[in-house]
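The values are calculated or read from the model by the stated rules, or taken from the named source; none is laboratory data. Remember, it's a predicted structure, so these values are computed and weren't measured experimentally. Cβ sites come from the backbone with ideal geometry, for glycine too, and all protein chains shown count toward neighbours.
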Amino acid sequence: GENVEQHPSTLSVQEGDSAVIKCTYSDSASNYFPWYKQELGKRPQLIIDIRSNVGEKKDQRIAVTLNKTAKHFSLHITETQPEDSAVYFCAASVYNQGGKLIFGQGTELSVKP
Amino acid sequence: GAVVSQHPSWVICKSGTSVKIECRSLDFQATTMFWYRQFPKQSLMLMATSNEGSKATYEQGVEKDKFLINHASLTLSTLTVTSAHPEDSSFYICSARPTGGAGYTFGSGTRLTVV
């Protein structure tokens, strides 16, 4: 089955700097790659997603890149702000076949003012 | 947008008792729901896939006799933790995929504490 590896587990940046979180997946059939932000005790919130027919997607300060050949995808947050501090998870699924969403281990991002 | 309602949001139960958690899709039909468990400072681990009208598919290492899943209608899936023990204390959360390719919708989660 699918296995998603996420790095780093913790990331500390200064306000205004960029943050990059990387994930690799094992199942070449995976075609949907969402990123979630989760606050303590809350449900995951989708911040951006990408499908396998696209190499990059951007939404304001957030971007995701996908390399299907290497089976890795990354989250890029620019101009970080203290309110970006949270735990971020990547995930992967074969969306149109069963659709089990498998999560990475998570990254705790801390943005210092 | 698509909403999944999960209840209860938190529950405390005594060791040896059973607890039922419900997830309802409010504005769409969910033929499939996914159940996750999340321990503190860990990731969401998929426990099982719930299929309407058929048996659930459990992930390796998940005891199907302990975590009973029922998906009797297109809008309701339930997870029952039977004979709960303190090590079952965790955050349980369900998810579904609304039609139209709009990704996954999550319930608000249930914090289970077994004392």
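General remarks:
- Lone qualifier among B:18, B:25 - being closer than 13 Å to residue B:95 by Cα and among the small types (Gly, Ala, Ser): B:25
- The lone criterion from (1) more than 21 Å from residue B:41 (Cβ to Cβ); (2) within 14 Å of chain B (Cβ to nearest Cβ) left unmet by residue A:69 is number (2).
- Check on residue B:80, among the β-branched types (Val, Ile, Thr), in contact with a Lys or Arg (Cβ under 7 Å, 6 or more places away or on another chain) and at pLDDT below 95: no
- Against the numbered list (1) away from chain A (no Cβ under 11 Å); (2) within 23 Å of residue A:90 (Cβ to Cβ); (3) out of contact with any Leu (no Cβ under 8 Å at 6 or more places or on another chain), residue B:40 comes up short only at (1).
- Candidates A:65, A:80, A:69: the one that is in contact (Cβ under 8 Å) with a residue 60 or more places away in the chain and not basic (Lys, Arg) is A:80.
- Test result for residue B:33, surrounded by fewer than 22 Cβ atoms within 10 Å (Cβ to Cβ) and within 12 Å of chain A (Cβ to nearest Cβ): no
- Any hit, segment B:94-113, residues being under 16 Å from residue B:20 (Cα atoms), away from chain A (no Cβ under 11 Å) and surrounded by fewer than 17 Cβ atoms within 10 Å (Cβ to Cβ): yes
- The criterion of at least 3 residues that are in contact (Cβ under 8 Å) with a residue 24 or more places away in the chain and more than 21 Å from residue A:44 (Cα to Cα) is met by the following strands (runs of 3 or more DSSP E) wholly inside segment B:46-115: B:67-73.
- Index of the failed condition, residue A:54 passing every other in (1) aliphatic (A, V, I, L, M); (2) under 27 Å from residue B:91 (Cα atoms); (3) free of Cβ contacts under 8 Å to residues at least 24 places away in the same chain: (2)
- Against the test of being modelled with pLDDT under 95, within 14 Å of chain B (Cβ to nearest Cβ) and closer than 21 Å to residue B:44 by Cα, the options A:88, A:95 yield a single qualifying residue, A:95.
- Checking the stated criteria, residue B:30 turns out not to satisfy the condition of being among the hydrophobic types (A, V, I, L, M, F, W, C), within 15 Å of residue A:44 (Cβ to Cβ) and in a loop (DSSP other than H, G, I, E, B).
- Residue check, residue B:15 more than 13 Å from the chain's Cα centre (by Cα), under 21 Å from residue A:40 (Cβ atoms) and not in a strand (DSSP E or B): no
- Criterion (of a type in the set (D, E, K, R), in contact with a Pro (Cβ under 7 Å, 6 or more places away or on another chain) and within 14 Å of chain B (Cβ to nearest Cβ)) met by exactly one of A:49, A:27: A:49
- Only one of B:2, B:30 that is at pLDDT below 95 and in contact with a Leu (Cβ under 7 Å, 6 or more places away or on another chain): B:30
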